[in-house]
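Note sheet for the following structure.
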Amino acid sequence: MARQAFGAKPSVLRCSRCGKFVDWEQARLQIVCECRGKIELPPVFVRPQEDDDRQRVRDLFIADFGHLTIVAFGEEMHADQEETLVAVMRDDIAGALAWRQHAGAFHVVALATDPMWQRSGVAGHLLAEAEIIARRLSLPRIITATSNDNLPSLYFFQRHGYRATAVVPDAFAVHSRTPSAPGFGGIPVLDEIQLQKVL
């Protein structure tokens, strides 16, 4: 069986100007200010995954990552086999966060948002609930890892108080036949960037 190109996300993003869906490799960053008008969004309800949610959550992770296998901290995990929180908007699952306890920390294994609900606060609500759970479990920090090309993820986590703690050069070469597969904006997927937030 051929190994997958871990980290080369096939997911789509939504253009903040026209609303068109954009392939991961074709996406670009832009500088914007607060000039955009605000729109009223439905409330976000975060809860643990239920049995009826499983297929929708699997589909969401596959759409976002291209597969269910996540590579981080030197291990392969399966996003659909971890504890999972879901964010619900208008009776639809708008996002999901898979997690586990690892190395005395709360490990965010995978975080995915339906492209239709990007920039609506879904991921932030999921992360806030993760912090509540981590505190309840007396875990002093939350950790996660992403690939070097994943600028949206790096931006998101740092905006929420996370700091880079390590860069693992060529981490994806161990898990892929194409370690330099193009990622976000055509950036080669090479290194793992580990982040954490101390609670």
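Overview of results
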quantity: Condition met for M1 (in a helix (DSSP H, G or I) and either loosely packed, with under 12 Cβ neighbours inside 10 Å or modelled with pLDDT under 95 (or both)); calculated: no
quantity: Conditions (1) over 21 Å from A103 (Cβ atoms); (2) under 14 Å from the mean Cα position of the chain (by Cα): number failed by L195; calculated: (1)
quantity: Spans of strands (runs of 3 or more DSSP E) in region 37-87 with at least 2 residues modelled with pLDDT of 95 or more and loosely packed, with under 15 Cβ neighbours inside 10 Å; calculated: 45-48
quantity: Options L126, L97, L85: the member that is touching a residue at least 40 places away in the same chain (Cβ under 8 Å), closer than 24 Å to F45 by Cα and within 11 Å of the chain's Cα centre (by Cα); calculated: L126
quantity: Y162 free of Cβ contacts under 8 Å to residues at least 12 places away in the same chain and either out of contact with any Asp or Glu (no Cβ under 7 Å at 6 or more places or on another chain) or of a type in the set (K, R) (or both); calculated: no
quantity: Failed condition for L29, given (1) within 30 Å of G186 (Cα to Cα); (2) surrounded by 11 or more Cβ atoms within 10 Å (Cβ to Cβ); (3) of a type in the set (A, V, I, L, M, F, W, C); (4) touching a residue at least 12 places away in the same chain (Cβ under 8 Å); calculated: (2)
quantity: Unique residue being of a type in the set (A, V, I, L, M) and in contact with a His (Cβ under 6 Å, 6 or more places away or on another chain) when the list is L29, L68; calculated: L68
quantity: Answer residue from region 102-115, given it is out of contact with any helix residue (DSSP H, G or I) (no Cβ under 6 Å at 6 or more places or on another chain) and more than 23 Å from H67 (Cβ to Cβ) and is surrounded by the most Cβ atoms within 10 Å (Cβ to Cβ) among those; calculated: A105
quantity: Candidate set from region 100-116 (those that are in contact (Cβ under 8 Å) with a residue 40 or more places away in the chain and over 14 Å from the mean Cα position of the chain (by Cα)); member that is farthest from Q49 (Cα to Cα); calculated: A103
quantity: Number of the exception - T69 against (1) within 30 Å of R17 (Cα to Cα); (2) of a type outside the set (F, W, Y); (3) out of contact with any Lys or Arg (no Cβ under 9 Å at 6 or more places or on another chain); (4) in contact (Cβ under 8 Å) with a residue 40 or more places away in the chain; calculated: (1)
quantity: Pairs, first aliphatic (A, V, I, L, M) in region 174-187, second modelled with pLDDT of 80 or more and in a loop (DSSP other than H, G, I, E, B), C-beta under 8 Å, six or more apart; calculated: A181/V189; I187/N148; I187/D149
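The values are calculated or read from the model by the stated rules, or taken from the named source; none is laboratory data. These numbers were taken from a predicted model, which means no experiment stands behind them. Here the Cβ is made from the backbone with ideal geometry for all residues, glycine too, and neighbour counts use every protein chain on show.
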